[in-house]
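The values are calculated or read from the model by the stated rules, or taken from the named source; none is laboratory data. Because the structure is a prediction, the values reported are computed rather than measured. Positions of Cβ are backbone-derived with ideal geometry, glycine not excepted, and every protein chain shown enters the neighbour counts.
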Amino acid sequence: MVAPARGALFSVSLRPGKTVNLLKEGLVDLGRPEWQVVEVPLERFPLQEAVQALRFAGNLEGGFLLDEVGLVAAVERPPTVVAATAGGSVPRAALLHPNHRNPFNAGTLIDFELSQPGEAELAIFNLSGQRVASLAAGPRAPGRHLVPWDGRDAAGRQLASGVYLCQLRTGGEDQVRRLLLLR
């Protein structure tokens, strides 16, 4: 078994640019053993030219997993939704992709794409058909959208292990994917 990570410095820096200590800024919490989605807004980095390098540094001891890194140019409403276009390509129809980390225990990322601007609603339902969480609702730009879900209901309570349904509703289209939450 690997010991949990601990330390005082875990930073990310873009070259050219400045460094942000993810621990000091409260963006990473080493006291939480579950999966964490960390968003570092690019406006924290005064960029005058193209990003040449992304560097992580720190004095951590123990183990942790860094699974995925993405640079995002804009954040949409609500602030937990990150929108980015994938290489400028836009799908012909709305697509609800499989969530990343499935099964999951602390959090997962739900990935969907829109072919055109319009209203989109992303919600989680239990197998009885009851809505347990609403993750995104309102106008969205075309392109790819990533929405984190921490396995909690609308009141912030942890949901029990089980199968949940994620529904993407856009215009006249509904798409559903199964999510497996394991506590």
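Quick rundown of the values:
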{"read-out": "Positions within segment 103-119 being more than 21 Å from Ala137 (Cβ to Cβ) and surrounded by fewer than 16 Cβ atoms within 10 Å (Cβ to Cβ), in sequence order", "value": "Pro103, Asn105"}
{"read-out": "Segment 151-169: number of residues that are under 15 Å from Leu179 (Cβ atoms) and either part of a loop (DSSP other than H, G, I, E, B) or among the aliphatic types (A, V, I, L, M) (or both)", "value": "8"}
{"read-out": "Lone qualifier among Val82, Val147 - being out of contact with any Cys (no Cβ under 7 Å at 6 or more places or on another chain), modelled with pLDDT of 90 or more, buried (at least 19 other Cβ atoms within 10 Å of the Cβ) and closer than 29 Å to Ala53 by Cβ", "value": "Val147"}
{"read-out": "Subset of segment 16-43 (residues that are at pLDDT 65 or above, over 13 Å from Ala5 (Cβ atoms) and not hydrophobic (A, V, I, L, M, F, W, C))", "value": "Lys18, Thr19, Asn21, Lys24, Glu25, Gly26, Glu39"}
{"read-out": "Selected residue (only one of Pro98, Pro148 is within 21 Å of Val38 (Cα to Cα), not in a strand (DSSP E or B) and not assigned by TED's automatic domain parsing to the domain that holds Val38)", "value": "Pro98"}
{"read-out": "Criterion violated by Arg183 - all others in (1) modelled with pLDDT of 85 or more; (2) of a type in the set (D, E, K, R); (3) surrounded by fewer than 15 Cβ atoms within 10 Å (Cβ to Cβ) satisfied", "value": "(1)"}
{"read-out": "Any hit, segment 163-173, residues being closer than 18 Å to Asn105 by Cα, of a type in the set (A, V, I, L, M, F, W, C) and either without any contact (Cβ under 8 Å) to a residue 40 or more places away in the chain or not assigned by TED's automatic domain parsing to the domain that holds Pro98 (or both)", "value": "yes"}
{"read-out": "Selected residue [under 21 Å from Gly172 (Cβ atoms), modelled with pLDDT under 90 and surrounded by 17 or more Cβ atoms within 10 Å (Cβ to Cβ)] from Ala94, Ala123", "value": "Ala94"}
